[in-house]
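One structure is given here, and the rest of the page talks about it.
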Amino acid sequence: MPASRADTSGYRQNGVGMAHPILSWTKHHSFSLLLIFSFLTSTHLHANLTVKELSDSITIHLGEGSNVSYLAFAESSLGSKPVIYAWHYNDLTNSNGTPRTGTDLLNAVISETAGTTWALSYTTGAYGLTASYSIGSVTSTAVDPLDSPVWTYWIQGGTEFVELGDNGSFTFQVGNSFIVSPSYSDTRYLSNGSCDAWTISPYIYTGTTSDTRYLTDTLGNTQPVSDGVYTGPAPNLRTAPTAQSVKVLPNADLEITFSVIEGALYQLEEQESLNPNGWLNRGTSFTATSSQKIFTLPTDNPSKKGFFRMLRKE
């Protein structure tokens, strides 16, 4: 089996015993969960859930606290809109001192949506591996977890501990772009704003060097992981804002027009020089009321130069 993959259904493989029955992995394969959703009106309240539907996504808020991590489902065969569970919680560690994991996120969603329209459940196939997921009474497309395509587990933000890496166990920072998880949810550690996402992707494992990718651990060392090749695209959960036009006004102010999604939350940021960690909020966050947002920005800083970007916060 790929060194970083393990079956977590309780089935014993290569001398490694796993215990978690929900997110399962088997030889040369990974898979995930997805759901079909019913179209409702734009904003709903159901039990303790707040559901916000926009033109490009549906976000379901549950829990409470200062942190939020996301569990998202995106698959074209189940509809055009990704469904994103936003789990709100306070501490990044559990009461026993262990880090919050992807399993905690999944269990929270299953527990806190139980009995609602958005209740998440699953079915299993060979070796107890997940075959399909359901929301309420609607079931997703089922896959054979021992074939291709497979359910694919994508992660963004936070960290991942790889127990069975080719170069021994190591932990790496996930970064701000989606990658396929090299391990499974029990060793996927959450951070505020992190996202776990699931899609169906074509997959192949040949055992050749093309199956190996390289990850940088938290000490800066490059680590090889052999886990096959996924040819499906990364999840696209929300439409990012784009700059439509930039022009200088007669009074030397700068006018920037962004495309936005009505009802989505955004934040304009700025800095005088391009520093990955130097972005500062320009004004307060705002909810878009149309498909465009125009900013008029005075060039009044000492250097007479600046860089601007707009982030979508939800």
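The values are calculated or read from the model by the stated rules, or taken from the named source; none is laboratory data. Bear in mind that the values here come from a model prediction, so they are computed numbers and not experimental data. All Cβ positions, glycine included, derive from the backbone under ideal geometry; neighbour counts span all protein chains shown.
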Only residues in the stretch 288-314 that are modelled with pLDDT under 75 count as the first member; pair them with residues that are part of a strand (DSSP E or B), Cβ under 7 angstrom, at least 6 apart or cross-chain, and list the lot.
299/254
Can you name every residue in the stretch 121-137 that is surrounded by fewer than 16 Cβ atoms within 10 Å (Cβ to Cβ) and on the phi > 0 side of the Ramachandran plot?
127
Residue that is modelled with the lowest pLDDT, among those in the stretch 171-191 that are polar (S, T, N, Q) and buried (at least 18 other Cβ atoms within 10 Å of the Cβ):
183
Determine if the stretch 243-251 includes at least one residue that is closer than 25 Å to residue 287 by Cβ, of a type in the set (A, V, I, L, M) and out of contact with any Lys or Arg (no Cβ under 7 Å at 6 or more places or on another chain).
yes
Of the listed residues (215, 219), the one being at pLDDT below 95 and either surrounded by 16 or more Cβ atoms within 10 Å (Cβ to Cβ) or of a type in the set (D, E, K, R) (or both) is 215
Please tell me if residue 91 is surrounded by fewer than 16 Cβ atoms within 10 Å (Cβ to Cβ) and farther than 24 Å from residue 188 by Cα.
no
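Picking from 256, 261, which residue would you name as being in a strand (DSSP E or B) and in contact (Cβ under 8 Å) with a residue 40 or more places away in the chain?
One residue alone meets the criteria, 256.
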Given the conditions (1) farther than 22 Å from residue 147 by Cα; (2) touching a residue at least 12 places away in the same chain (Cβ under 8 Å), report the number of the one that residue 202 does not fulfil.
(1)
The stretch 160-193, residues that are in contact (Cβ under 8 Å) with a residue 60 or more places away in the chain and either among the hydroxyl-bearing types (Ser, Thr, Tyr) or out of contact with any Ser or Thr (no Cβ under 8 Å at 6 or more places or on another chain) (or both)
181, 183, 184, 185, 187, 189, 191
